[in-house]
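Reading through the structure tokens given below for one structure.
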Amino acid sequence: MHPIIKLVSQRLALGFLLLFGASALIFGLTEALPGDAAQAVLGQAATPEALANLREEMGLNRPALTRYFEWLGGIVQGDLGQSLTNKLDIAESIGSRLGNTLFLAFWAAVVSVPLAIFLGLLAVRYRNRWPDKLISAVTLTTISIPEFLIGYVLVYFVAVKLGLFSPLAMINDSMSFWQKLNSIALPVIVLTLVVLAHMMRMTRAAILNVMQSAYVETAELKGLSNFQVIYRHAFPNAVAPIVNVVMLNLAYLVVGVVVVEVVFVYPGMGQYLVDHVTKRDVPVVLACGVIFAAIYIGLNMIADIVAILANPRLRHPK
Amino acid sequence: MNEQLTHMTKQVTAGKLTRREFMGKAAALGVTAAMASTMFADAARAAGPIKGGDLKFGLQGGESTNSLDPATYASSVPFQNGKQFGDQLVEVAPDGSIEPRLAESVEGSADAKVWTFKLRQGVEFHNGKTMTSEDVLKTMERHSNEDSKSGALGIMKGIESMKADGDNFQVTLTEPNADLPYLMADYHLIIQPDGGMENPGAGIGTGPYKVEVDEPGVRHLYTKFENHWNPDFGNFDSVEVIVINDATARTAALQGGQVHAINRVEPKVADLLGRAPNLTVHSTAGRGHYVFIMHCDTAPFDNNELRLALKHAIDRQDLVDKVLRGYGTVGNDMPVNAAYPLFDGSIPQREFSLEKAAEHYKKSGHDGSPIILRVADGAFPGAVDAAALFQQTAAQAGIPLEIKREPNDGYWSEVWNVQPFCASYWGGRPVQDQMYSTAYLSSADWNDTRFKVPEFDEMLFAARAELDNDKRKDIYSKMGMMVRDQGGLICPMFNDFVEGVTNQLEGWENDPTQEMMNGNMSRKMWFS
């Protein structure tokens, strides 16, 4: 078997094992939380009688292990089951939420990744001069401010005062593509500002590291321009750590944006998950958890594979 | 000039004069612009509701776990949803009287044990079926039978039997209760076809708007139901309930014009928001109250002297000023206030007094160990701050309070009604009887102060059976005094409903029963 195919299939198998472990962990942790779905739904209005009836209806009286393996049996057949609290089909509800989350993450990535790498290259080109310092200062400032604050500031000045974009990033199926883009403009800006610094600094550091090596000096001596040296010799050799940090940030854009979703009332996965954790709706929490874990594992796997492919030493192990 | 103005306002009322024309002509007569604007608004209001437009609410209190099943309603968005697509048998009017809805009239027997609701005929459900007394019976059964998990289960307990009889629906009670019509006005008791036995979350009712889009935790869209039994209800073409749980986003949406009305305006921004020219902040005194509750049967709170010491050691006015920023009224350690019918306003207000607190504390003989008060901001907004203020004033009286912060998550299942001293919130009930029977009757599930006094229970039952309002008022007054002086309730304040509404909407009225005009904005208001 070709070593690369073997590598990918090994990684995939490991990924599935990790997913299984993650689902067991999530299930165990939600079980360990105080209270259950019946209690959370009834809240202050819980009477012992209503609680007992609701538990019976939700099937919470059965042992935890039985419920877990029933759920596992379902998901293997592609059935995510029904929400305990509102009886809606989970696959259907998650479908549109996940679509929204990916839509926002995609556009945030389209803006932020090229911008971050370009700024990183620019910073190397003008290392220790004012453009480098300016880029670092601005991006480090925006990553240091909590994202909700950036969100509120943008809402106040851009949406309420200037009236440029809508303060709410509500999107639904009846909107056209351009309306949707207009609607998510503010959250995309916020997310870009949040992830920019990490990727930019990593690009800068990785390339500077390579710039110390002898072959870069050779390239300079043979008369290549500064930017060409970076672009043709330094960047390909620095790509592994950059891909790694880009993937980590992409994963963040998908699974870590709940605060931004709340500020902009965006109907994504984050808010959906938080609501169901509060209500102890285990099937939904498991489904969301597994999807999030799959995205994290998948993106990290891609980063690993790219790193290996980009490095001849790892590509041809002794 | 006066005659001319009168003529012009009449023309406005008849819809023959636009605002621009009216303002112009009024200016020609030497009337100031502000004056003319007010006159136009008055005249337009007199013209009555205008139909049409798309109403948008931005509301706190919705989650992706919400269902349209009325039995599950426990927060603002589901409450508002039910009011769009459904009707109860009766509704509590803003003045506290009973207003007929799906029942045309209500009649009680002389002993207040048998109640007959005469049902409106020809009422159509959104699925085309006509409402019958069977549907009403099934609905009530679903909320009260032994499989029920309804939020209304508690109030349905006193019912012995129910029957559907032609055009009538009849309820027989185990004990007399003069307030039964108020119980039937509960917002969970929406009449559904076949009682919603088959598919309770389908959102089919008799209300003025029918369900178009149901995305829990995001938005709910309703369109006008043309065959509603009352053509005066529901002036809008569509109503959209948008879930905006973040307070800043909600205010921004109202200012930016994305929504027309929002609930739960934070008291600290209410004054500022109210200065915006295109909207009004309405503050309505309600029956909800922010409280600290002590278990009367658990040491050290089983000692009434200690309870009285704590009650005297809290500065109510200071809490209203600082926690509610004035959007509320002081409480009197009773769960009822002037917003309730038959309330006795002559009961003296308990004042903040360090001397009395110290005196009672000394009499209690408490050993001086810290008294633990459990709080979370989920109990009521500002609960942690309120507890800190309470701690300071108690310390001045020599009472050591120790504040223990609890997580919001799980507060209502792990702390409230479990721990002996904690912060809590009560939403209030339409009548005193319901408030007392929910939380102060010895046998009540939610007796969160463990107030168990047989004499009090007897008075409660006596008041229920009493049809003479003067005598009832007298009994309620005595009950109030009893809770105030012996109970485990420290009630520093009643909070107002603070809501922001655009000036494009006309027809606002203050309704103390529930927030947002008791959920009737989409029925009663209109775009000017």
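Determine the sum of side-chain charges near B:ARG325: Lys and Arg each +1, Asp and Glu each -1, restricted to other residues whose C-beta is under 13 angstrom from that of B:ARG325. Don't skip to the end; give the middle numbers.
On the way: positive: B:LYS268, B:LYS322; negative: B:GLU266, B:ASP271, B:ASP318, B:ASP321, B:ASP385, B:ASP496.
Taking every other residue near B:ARG325 into account, the sum is -4.
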In region B:270-337, the trypsin sites (Lys or Arg not before Pro) that sit in a DSSP loop and have at most 15 other Cβ atoms within 10 Å of their own Cβ are B:ARG275
Where a ≥ b ≥ c are root eigenvalues of the Cα gyration tensor, a/c under 1.5 meaning rounded, otherwise prolate if a/b exceeds b/c and oblate otherwise, region B:90-196 counts as rounded
Measuring from the longest principal axis of the C-alpha atoms of chain A, the long axis of helix A:185-211 (C-alpha) lies at a number of degrees, nearest 10, equal to 40 degrees
Row for region B:316-399, column shape: gyration tensor on C-alpha, a ≥ b ≥ c, rounded if a/c < 1.5 i.e. under 1.5, prolate if a/b over b/c, else oblate; value oblate
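Could you quote the convex hull projected area for region A:94-280, Cα atoms only and averaged over all directions, in nm²? Display every interim value, and only then the final one.
Values: hull surface 51.3 nm².
Mean orientational projected area (region A:94-280, Cα hull): 12.8 nm².
If you place +1 on the Cβ of every Lys and Arg, -1 on the Cβ of every Asp and Glu, and leave all else neutral, what size is the dipole of the protein assembly as shown about its Cα centre, to the nearest 20 Debye?
Values: 72 positive and 90 negative charges, 871 e Å.
So the magnitude is around 4180 debye.
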Rounded to the nearest 10, the angle in degrees between the Cα long axis of helix B:469-486 and the longest principal axis of the Cα atoms of chain B comes to 50 degrees
Counting only residues 5 or more apart in sequence or on a different chain, those whose built amide H sits under 5 Å from that of B:ARG264 are B:VAL498
Reduced to Cα centres, the span from region B:461-487 to region A:175-250 in Å works out to 75 Å
Looks like chain B, by Cα gyration tensor root eigenvalues a ≥ b ≥ c and the a/c under 1.5 rounded cutoff (else prolate when a/b is bigger than b/c, oblate otherwise), is oblate
Expected vector for region B:332-346, Karplus 3J(HN,Hα) from phi with 6.51, -1.76, 1.60 and θ = phi - 60°, integer Hz, x for Gly and Pro, equals 10, 6, 10, x, 10, 9, 5, 6, 8, x, 6, 7, 8, x, 8
Going residue by residue through region B:169-180, the Karplus relation 6.51 cos²θ - 1.76 cosθ + 1.60 with θ = phi - 60° gives ³J(HN,Hα) values, rounded to whole Hz and with x marking Gly or Pro, of 10, 10, 10, 10, 9, 6, 10, x, 8, 5, 9, 3
Final fewest-first order of B:THR251, A:THR218 on the 10 Å Cβ neighbour count is A:THR218, B:THR251
Comparing A:ASN100, A:ASN249, A:ASN53 in a Gaussian network model of chain A (Cα, 10 Å), the one with the largest mean-square fluctuation is A:ASN53
Each residue of A:153-162 has, on average, a number of other protein chain C-beta atoms within 10 Å of its C-beta equal to 2
With the label point 7 Å along the Cα-to-beta-carbon line of B:ASN127 and a cut-off under 19 Å to each amide N, the hits in region B:199-226 are B:199-214, B:223, B:225-226
For region B:210-355, the Debye formula with one identical point scatterer on each Cα and no solvent gives log10 I(q)/I(0) at q = 0.09, 0.21 Å⁻¹ as -0.51, -1.29
Sorting B:GLY86, A:VAL216, B:ALA270 by the position of each Cα along the dipole of the protein assembly as shown (Lys, Arg +1; Asp, Glu -1; all at Cβ), the one nearest the positive end of that ordering is A:VAL216
Across A:LEU102, A:LEU88, A:LEU72, the residue with the highest GNM fluctuation in chain A (Cα network, 10 Å cutoff) is A:LEU88
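So how do B:493-499, B:400-406 stack up, highest first, on mean other-Cβ count within 10 Å? Don't skip to the answer; put the middle values down first.
Numbers: B:493-499: 24.4, B:400-406: 15.3.
Listed from highest to lowest mean packing, they are B:493-499, B:400-406.
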Here the percent of antiparallel bridges among DSSP beta bridges lying wholly in the protein assembly as shown, to the nearest 5, is 80 percent
Largest fluctuation, A:LEU51, A:LEU121, A:LEU140 only, Gaussian network model of chain A with Cα springs under 10 angstrom, belongs to A:LEU51
Per-residue average of other protein chain Cβ atoms inside 10 Å, peptide B:62-74 -> 6
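How big is the Kirkwood radius of chain A, worked out from every pair of different alpha carbons and given in Å to one decimal?
22.6 Å
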Residues meeting the amide H criterion for B:GLU104 (H placed from the backbone, H to H distance under 5 Å, 5 or more places apart or on another chain) are B:LYS118, B:LEU119, B:ARG120
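What does the structure give for B:245-258 when I average, per residue, the other chain Cβ atoms found within 10 Å of the residue Cβ? Don't skip to the answer; put the middle values down first.
Details: counts 4, 10, 0, 8, 10, 3, 3, 11, 8, 1, 6, 9, 3, 6.
Averaged over the peptide's residues, the number is 6.
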Expected sort for A:189-195, B:167-173, A:28-34, B:391-397 on mean C-beta neighbours within 10 Å, highest first, is A:189-195, B:167-173, B:391-397, A:28-34
If A:MET202, B:MET162 are placed from fewest to most neighbouring beta carbons inside 10 Å, the sequence is B:MET162, A:MET202
Of all DSSP beta bridges with both partners in region B:288-496, the antiparallel percent, nearest 5, is 70 percent
Surpassing 29 Å at the alpha-carbon level, of the pairs B:LYS157/B:LYS224; B:LYS268/B:LYS404; A:LYS161/B:LYS268, are B:LYS157/B:LYS224
Per principal axis, largest first, the Cα atoms of region B:288-496 extend in Å by 48, 35, 31
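Tally Lys and Arg at +1 and Asp and Glu at -1 over the other residues with C-beta under 10 Å from the C-beta of B:GLY195: what net charge comes out?
Values: positive: B:LYS138, B:ARG142; negative: B:GLU134, B:ASP135, B:GLU141, B:ASP194, B:GLU198.
The answer is -3.
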Taking a straight Cα-to-Cα line shorter than 13 Å from B:LYS51, and setting aside same-chain aspartates and glutamates fewer than 8 residues away, one finds B:GLU226, B:ASP232, B:ASP237, B:GLU506
Once the in-chain neighbours fewer than 8 apart are removed, the aspartates and glutamates whose Cα is under 17 Å from A:LYS6 read A:ASP304
Farthest towards the positive end of the dipole of the protein assembly as shown, among A:GLY95, B:VAL77, B:ALA202 and with Cβ unit charges of +1 on Lys and Arg and -1 on Asp and Glu, lies the Cα of A:GLY95
Longest principal axis of chain B (C-alpha) makes with the long axis of helix B:76-85 (C-alpha) an angle, in degrees to the nearest 10, of 40 degrees
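As a quick test, which of the pairs B:LYS210/B:LYS524; B:LYS113/B:LYS452; B:LYS113/B:LYS163 have an alpha carbon distance above 21 angstrom in this structure? Don't skip to the end; give the middle numbers.
On the way: B:LYS210/B:LYS524 17 Å; B:LYS113/B:LYS452 25 Å; B:LYS113/B:LYS163 14 Å.
In this structure, B:LYS113/B:LYS452 exceed 21 Å between Cα atoms.
Treat the count of other C-beta atoms within 10 Å as a stand-in for reagent exposure and order A:PHE103, A:PHE227, B:PHE451 from fewest to most.
Details: A:PHE103 16, A:PHE227 12, B:PHE451 24.
In order of increasing Cβ crowding within 10 Å: A:PHE227, A:PHE103, B:PHE451.
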Quick calc, region A:94-280, dipole around Cα centre from Cβ unit charges on Lys, Arg (+) and Asp, Glu (-), nearest 20 debye, gives 240 debye
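What whole-number value in cubic angstrom gives the convex hull volume per residue for the C-alpha atoms of the protein assembly as shown?
Details: hull volume 196.7 nm³, N = 846.
For the protein assembly as shown, the hull spanned by Cα atoms encloses 233 Å³ per residue.
Taken together, the values in this text are just the output of simple stated rules run on the coordinates, not laboratory data. All values derive from a computational prediction rather than experimental measurement. Cβ coordinates were reconstructed from backbone atoms using ideal geometry, including for glycine residues, and neighbour counts include every protein chain displayed.
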